[in-house]
Amino acid sequence: MGFLNLLTTALVPVLEVLLITAIGLLLATDRIDLLGPNARSSLNNIVFYVFSPALIIANLSDTITLKSLATLWFMPVNILLTFLIGSALAWILIKITRTPPHLEGLVIGCCSAGNLGNLLLIIVPAVCEESNSPFGDSSTCSTYGESYASLSMAVGAIYIWTYVYVIMGIYANKNVKDSTSIQSSGETSETFSETCTEVLLPSENGSASEESANQDGLPSTIFGVPFLDTTIHQIKNVAAKINLKMVLAPNTIAAAVGFIIGTVSPIRKSIVGDSAPLRVIYSSASLLGDASIPSMTLIIGANLLGGLKRSGISISVIIGIIAVRFIILPLLGVAVVKAAHHFGLVGSDLLYQFVLLIQFTLPPAMNVQ
């Protein structure tokens, strides 16, 4: 494939997405107001609860089998690596730019969590439908590409609400505690010298010696707690921060249903296929799922209207997040996927490798914003 054909194949899907995004932005303006805040919220709920789950069920039930699971196991690992590497880069960015404490959790969320659902479902089928696509037949490519993107969406949702959400919550609680301690320190500063003087002065009944004895015994009280109890307590604290309602989102449940339909042969034969007796269920889910991609693209464009306003985040932090998401992570992603292919962890399927690479190049997830 020549350079010009390759450039056209890569550019046309992006232009299609940008065109539909621009239409969504235009529909959200005050003059037209077809995708205002209320309409956008309603359409987003329909996509979240109906269109996306239907698309995931249709794609996974048609392509996932017990044999294909042996080749897809690396995708959850790859997504986890994007989160871990992004978090490490975010920590470095926070130290370099001296990010304000109340924005540290947001920076980590933006650097670690990519838009693994919406954009993959939009870009991958668009690339497959090009006549010069390097991934073979457009119909087969679109089917498997949407399946990979659907699995990525489900896995990404689990990681966002079990990993990123917890980290952002920890930083938010830390910021609240720091502000509370600053306020309380101002109230106690006036009596601090008096308190210290009273403790150090000996009393007639020997209270000072008793206090010193208690202080000597303090370390044994703190460190005497069994390690297992401390570990269990920390696990309970982390588990309490996990939003199970969001972990078990419709997309996650739809992925589980799609896996069951695809891997259980009797169910698959009764629902998937031209001769399946219950094929109307699959065709209905596929019909609903077809509406998810244009709807999500319009919503993304409409949401850009709010992003045109000025932000209170410093320009250095914004540039750092852009560098992490679009320069450093993609370069590391190439190294990760190439290494995985070299050691036999990833097969020779070019479309599968392409999706793994894209997972390192996506903008921040909408859920962390």
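The values are calculated or read from the model by the stated rules, or taken from the named source; none is laboratory data. Everything numeric in this text was worked out from a predicted model, so none of it was measured. As a convention, Cβ positions derive from the backbone with ideal geometry for all residues, glycine included, and neighbour counts pool all protein chains shown. To get the accessible areas, we keep the full protein, side chains included, count just its heavy atoms, and leave off ligands, DNA and RNA. Shrake-Rupley method; radii C 1.70, N 1.55, O 1.52, S 1.80 Å.
Can you work out which of the residues in segment 276-291 that are in a helix (DSSP H, G or I), open to solvent by 30 Å² or more (accessible area, probe 1.4 Å) and not β-branched (Val, Ile, Thr) is farthest from Leu26 (Cα to Cα)?
By that ranking, first place goes to Arg279.
Pick from segment 85-102 the residues that are assigned to a helix (DSSP H, G or I) and free of Cβ contacts under 8 Å to residues at least 40 places away in the same chain: which of them is surrounded by the most Cβ atoms within 10 Å (Cβ to Cβ)?
Ile94
When you go through (1) more than 24 Å from the chain's Cα centre (by Cα); (2) at pLDDT 85 or above; (3) not acidic (Asp, Glu) one by one for Leu43, which number turns out not to apply?
(1)
Can you name every residue in segment 123-141 that is among the β-branched types (Val, Ile, Thr) and open to solvent by 10 Å² or more (accessible area, probe 1.4 Å)?
Ile123, Val127, Thr140
Filter segment 103-119 down to residues that are assigned to a helix (DSSP H, G or I) and at pLDDT 85 or above, then give me how many there are.
So the answer is 10.
Can you tell me which residue is least open to solvent (accessible area, probe 1.4 Å) among those in segment 239-274 that are outside any helix (DSSP H, G or I) and at pLDDT below 90?
Ala249
Looking at Val176, is it closer than 30 Å to Ile315 by Cα, open to solvent by 50 Å² or more (accessible area, probe 1.4 Å), part of a helix (DSSP H, G or I) and at pLDDT below 80?
yes
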